[in-house]
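The values are calculated or read from the model by the stated rules, or taken from the named source; none is laboratory data. The structure displayed is predicted, hence computed values, not measured ones. Cβ placement follows ideal geometry from the backbone for every residue including glycine, while neighbour counts extend to all protein chains displayed.
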Amino acid sequence: MGAGAGILPGGEERRLKLLAMVRQVLYFIAIMIDIKHLRENPDIYKRACQQKGYKIDIDQFCALDKRVRELKQQLQEIATAKNQAGKDIAKLKGDERDQAIRRMGELKEQEKQFTSDLTGLEPQVNQFLLNIPMPPHPSTPVGPDASGNVEVKRWGEVRKFDFKPKDHIELGTALGIIDVERGVKLSGSRNYVLRGDGALLHQAILRLAHDMMVDKGFEPLSVPVITKEATFMGTGWFPEGKPQVYQIPEDELFLIGTAEVPATSLYMDEIIEEKDLPMRLVAQSLCFRREAGAAGKDTYGLYRIHQFEKVEQVIICRADKDESEKWHQHIVANSEEMLQKLELPYRLLEICTGDMGMGKYRMYDIETFMPSRGGYCETHSASAFLDFQARRLNLRYRDQERKVRYCYTMNNTVIASPRILIPVLELNQNADGSVNIPKALRPYMQNREVLRPNLRA
């Protein structure tokens with residue numbers, strides 16, 4: 001190994017350490033919500049906690065926050081008094097000097113006590129800030145869980161079969177394109193192998209989605225699938241979603257569950273010029289989820305699995321609610337267009353307060369019809385966060401007046417596979433077990449029109 005190999009220059013190492021320390025401070029200053037807005041509008045956050053199902057005592061937070069600010073003010077006053085006492089000691093003599101020395105001692109004791117009190121209270125305040133939810137959009141349906149979601153529209157005709165249809169695993173096994181048995185042998189439950197035309201169909205769907213987004217002007221990204229905790233904390237996946245994420249403890253790294261995490265975090269701790277906004281990003285990546293606690297029919301087949309691939313769209317824009325809404329509708333429309341290209345019937349849902357998660361301001365789901373599951377099932381989620389993620393990521397921009405502001409962010413699935421193979425296979429099957437390839441995918445499948453049974457040993 002050459003001299004200095006693997007070792008940062010001293011100055012650079014110090015700079016990175018300082019940046020990490022600054023990020024830690026900024027993280028708790030900027031974390032998640034506008035603390036000034038919270039202080040001035042506690043009732044809004046009380047209502048958000050109630051509507052989203054978070055048991056957080058906003059009054060207790062406000063009391064703690066007030067005490068922390070008082071202690072900081074008192075410490076500032078002590079610092080000023082200590083400075084004056086030091087000047088007095090240098091000038092005075094005799095009893096007056098002795099009094100000034102005693103005063104300095106009293107101030108130091110007070111400082112020690114107040115610092116101790118502050119050290120004990122700040123983590124409590126920070127923990128509150130970490131878990132206070134973003135207030136939802138005013139028009140968001142109020143409901144306790146998925147039962148409160150509101151259907152906005154439907155597209156496409158649900159196919160009626162004149163024969164007994166097979167599910168995607170039956171079809172995929174007969175076609176020789178899905179091998180669950182060997183997937184489980186290799187990696188345990190909820191794993192699979194796509195073979196031959198199955199792998200080609202999977203890649204065709206992803207390529208169609210990626211090409212569509214690039215044609216729309218989105219910048220393509222190839223992002224790491226292993227990232228730091230700061231990216232998960234910043235995007236709001238942590239702490240709530242940590243049980244769903246695979247960890248690499250020895251390296252303090254984590255496997256992503258969506259390209260949203262690295263793509264949205266790309267500019268964390270940076271200031272973007274307004275002229276460069278909006279940023280329209282599309283990233284295709286492997287995704288990994290533990291899916292802890294899921295059970296029942298969700299564990300059958302390709303619906304809820306540990307590894308998949310996804311094409312994800314991310315928007316970073318100015319801090320303007322009207323602009324955010326425009327782009328949010330835009331990314332929903334992109335996903336609808338993708339499903340329409342695949343000729344898959346779907347419905348669009350606006351997600352209610354109790355089902356949308358901590359950091360989301362507004363959220364839509366798209367559910368695609370899956371015959372074997374007896375109805376529409378989630379394939380896409382489109383979330384707008386306002387500045388929730390940007391504050392946690394310290395992601396900012398400089399506006400035309402040179403004022404630094406937090407960006408707004410949003411994201412949506414373009415397509416995720418192999419889950420989408422469920423409706424693609426089931427809705428396009430024929431009585432003989434063959435499957436028609438959707439027209440939009442045929443250019444990626446050697447212009448073939450049909451997949452035919454070819455059972456592998």
Checklist (1) surrounded by fewer than 16 Cβ atoms within 10 Å (Cβ to Cβ); (2) at pLDDT 95 or above; (3) within 23 Å of G354 (Cβ to Cβ) applied to G143, failing item: (1)
From the options Q51, Q74, residue that is among the polar types (S, T, N, Q), within 47 Å of the chain's Cα centre (by Cα), surrounded by 11 or more Cβ atoms within 10 Å (Cβ to Cβ) and under 25 Å from G359 (Cβ atoms): Q51
Filtered residues of the range 89-106 (kept if surrounded by fewer than 16 Cβ atoms within 10 Å (Cβ to Cβ), in a helix (DSSP H, G or I) and not aliphatic (A, V, I, L, M)): K91, G94, D95, E96, R97, D98, Q99, R102, G105, E106
Unique match (being at pLDDT below 95, closer than 30 Å to R405 by Cα and of a type in the set (K, R)) among K108, K52, K36: K36
Subset of the range 248-264 (residues that are surrounded by 17 or more Cβ atoms within 10 Å (Cβ to Cβ) and assigned to a helix (DSSP H, G or I)): E260, V261, P262, A263, T264
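Here's the yes/no breakdown for (1) in the same structural domain as H306 (by TED's automatic domain parsing); (2) surrounded by 14 or more Cβ atoms within 10 Å (Cβ to Cβ); (3) not β-branched (V, I, T):
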residue: Q400; (1), (2), (3): yes, no, yes
residue: N412; (1), (2), (3): yes, yes, yes
residue: A416; (1), (2), (3): yes, yes, yes
residue: V435; (1), (2), (3): yes, yes, no
residue: L441; (1), (2), (3): yes, yes, yes
Pairs, first in contact (Cβ under 8 Å) with a residue 60 or more places away in the chain in the range 147-163, second of a type in the set (A, V, I, L, M) and in a helix (DSSP H, G or I), C-beta under 9 Å, six or more apart: W155/L339; G156/L339; V158/L427; R159/L427
Helices (runs of 4 or more DSSP H) enclosed by the range 144-247 - at least 1 residues per element that are closer than 30 Å to R280 by Cα and either in the same structural domain as I331 (by TED's automatic domain parsing) or more than 22 Å from the chain's Cα centre (by Cα) (or both): 197-215, 229-235
Sole exception among (1) within 25 Å of P423 (Cβ to Cβ); (2) at pLDDT 95 or above; (3) of a type in the set (D, E, K, R) for E291, by number: (2)
